[in-house]
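Peer 1: The structure that follows is given in the form of structure tokens.
The values are calculated or read from the model by the stated rules, or taken from the named source; none is laboratory data. Just so it is clear, the model here is predicted, and its values are computed rather than measured. Note that each Cβ is placed from the backbone with ideal geometry, even for glycine, and that neighbours are counted across all protein chains shown.
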Amino acid sequence: MTLKIIEECIGCGTCVDSCPLGAIVESGDIYIITDECDECRACVDTCPVDAIVD
Ligand code: SF4
Ligand code: SF4
């Protein structure tokens, strides 16, 4: 299982601050979840458009 950010992302940045490991980063005009992620799922519920999925 690997979490990813899908194209429904509106770029609000909320998930970045929700991650205790700093595993979500802005890359160009998109956000990505890096290998630092330990799948704690803290970010999943913070996304207003449910763009972080398995
Ligand atoms: S699941 Fe947890 S560690 Fe992974 S990106 Fe989301 S908040 Fe960060
Ligand atoms: S919280 Fe959701 S919409 Fe906002 S940047 Fe993260 S993935 Fe995109």
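Results for (1) near ligand 1 (Cβ under 10 Å from one of its atoms); (2) in a loop (DSSP other than H, G, I, E, B); (3) surrounded by 13 or more Cβ atoms within 10 Å (Cβ to Cβ); (4) modelled with pLDDT of 95 or more, shown as yes or no for each residue.
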{"position": "M1", "(1), (2), (3), (4)": "no, yes, no, no"}
{"position": "E8", "(1), (2), (3), (4)": "no, yes, no, yes"}
{"position": "G11", "(1), (2), (3), (4)": "no, yes, no, yes"}
{"position": "E26", "(1), (2), (3), (4)": "no, no, no, yes"}
{"position": "D38", "(1), (2), (3), (4)": "yes, yes, no, yes"}
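Peer 1: Return the pair list, or none, for Cβ contacts closer than 9 Å from residues in the range 29-54 that are among the basic types (K, R) to residues that are surrounded by 11 or more Cβ atoms within 10 Å (Cβ to Cβ) and modelled with pLDDT of 95 or more, at least 6 apart or on different chains.
Peer 2: Within 9 Å, the pairs are R41/L3; R41/I52.
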